[in-house]
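Novice: One structure, as structure tokens, below. Some questions next.
The values are calculated or read from the model by the stated rules, or taken from the named source; none is laboratory data. Note that the coordinates shown come from a computational prediction; the quantities given were computed from them, not determined experimentally. So basically every Cβ, Gly included, is an ideal-geometry build from the backbone, and we count neighbours across all protein chains shown. The area values use the complete protein model at the heavy-atom level, side chains included, leaving out ligands, DNA and RNA. Shrake-Rupley method; radii C 1.70, N 1.55, O 1.52, S 1.80 Å.
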Amino acid sequence: MKTEKNKRYFVEGYALIFDSLSENIGGFREIIHKGAITQELVDNSDVFVRMDHDNQMILARSKNGEGSLQLTLDDKGLKYRFEVPEFYRGKEIVAHLRRKEITKSSFCFRVSPEKGSEHWEYDETIDFAVRHIYKIDGLYDVAPVYNPAYEETTCYLVEENINIDDIQNEE
């Protein structure tokens, strides 16, 4: 999105942080362990950016590794980046990020049905059942959200100056 002269806006964040404990998500908490998601899965998925997981608020997409959404898997977790679209949803996400109403992220996934993909235990120290996730076989969205399941996630606005040569190459 180019709302100011010679500026471009991007949204970036970590939708998943490995080995972090979630908040209470319906009577239990969970940890997604490093290695639970693979680059192959990321590269072969059809992933949307949906603001607050809303199907009416699509901001970007990566289908089989191509599109307006960049997904990067690293030692920390799953990072995403997209250029803010020029339509009204883009202006809306920029406003929420600037006002710090959205500062975190989430993602929609499916745990593999394979044996050993998850393990449940009761943790007396936090007085909750904890689901440990070791293998994810479906990735569907990443989402800037108001109320994250994982507090360690991030979401922020990045402003980049545009080189005049870049503008001419786009035309």
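Novice: For the stretch 105-126, enumerate the residues that are touching a residue at least 60 places away in the same chain (Cβ under 8 Å) and closer than 14 Å to VAL49 by Cβ.
Specialist: Selection gives SER105, SER106, PHE107.
Novice: Just to check your reading of the model, which residue among GLU92, GLU86, GLU101 is of a type in the set (Asp, Glu), in a loop (DSSP other than H, G, I, E, B) and at pLDDT below 95?
Specialist: After applying the criteria, what remains is GLU86.
Novice: What is the residue count in the stretch 31-79 for residues that are assigned to a loop (DSSP other than H, G, I, E, B), β-branched (Val, Ile, Thr) and under 20 Å from ALA149 (Cα atoms)?
Specialist: Total meeting the criteria: 1.
Novice: Out of all the residues in the stretch 146-164, which are part of a strand (DSSP E or B) and among the charged types (D, E, K, R)?
Specialist: The answer is GLU159, GLU160.
Novice: Sticking with this one: Restricted to the stretch 1-57, and to residues that are over 25 Å from GLU114 (Cα atoms), touching a strand residue (DSSP E or B) at 6+ places or on another chain (Cβ under 8 Å) and of a type in the set (Lys, Arg), which residue is most open to solvent (accessible area, probe 1.4 Å)?
Specialist: Among residues in the stretch 1-57 that are over 25 Å from GLU114 (Cα atoms), touching a strand residue (DSSP E or B) at 6+ places or on another chain (Cβ under 8 Å) and of a type in the set (Lys, Arg), the one most open to solvent (accessible area, probe 1.4 Å) is LYS2.
Novice: Hey, another quick one. Are any residues in the stretch 58-67 polar (S, T, N, Q) and open to solvent by 50 Å² or more (accessible area, probe 1.4 Å), and if so, which ones?
Specialist: Correct list: ASN64 only.
Novice: Of the conditions (1) modelled with pLDDT of 95 or more; (2) out of contact with any helix residue (DSSP H, G or I) (no Cβ under 8 Å at 6 or more places or on another chain); (3) outside any loop (DSSP other than H, G, I, E, B), PRO113 satisfies every one except a single condition; which number is it?
Specialist: PRO113 satisfies all of (1) modelled with pLDDT of 95 or more; (2) out of contact with any helix residue (DSSP H, G or I) (no Cβ under 8 Å at 6 or more places or on another chain); (3) outside any loop (DSSP other than H, G, I, E, B) except (3).
Novice: Scanning the stretch 122-145 for residues that are in a strand (DSSP E or B) and either at pLDDT below 95 or open to solvent by 80 Å² or more (accessible area, probe 1.4 Å) (or both), which turns out nearest to PHE10 (Cα to Cα)?
Specialist: Among residues in the stretch 122-145 that are in a strand (DSSP E or B) and either at pLDDT below 95 or open to solvent by 80 Å² or more (accessible area, probe 1.4 Å) (or both), the one nearest to PHE10 (Cα to Cα) is TYR140.
Residue-wise test of (1) under 14 Å from ALA143 (Cβ atoms); (2) in contact (Cβ under 8 Å) with a residue 40 or more places away in the chain; (3) open to solvent by 40 Å² or more (accessible area, probe 1.4 Å).
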site	(1), (2), (3)
GLN70	no, no, yes
GLY77	no, yes, no
LYS91	no, yes, yes
VAL94	no, yes, no
ARG98	no, yes, yes
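Novice: Can you report the number of residues in the stretch 112-161 which are under 16 Å from LYS34 (Cβ atoms) and among the small types (Gly, Ala, Ser)?
Specialist: Residues flagged as under 16 Å from LYS34 (Cβ atoms) and among the small types (Gly, Ala, Ser) within the stretch 112-161 amount to 3.
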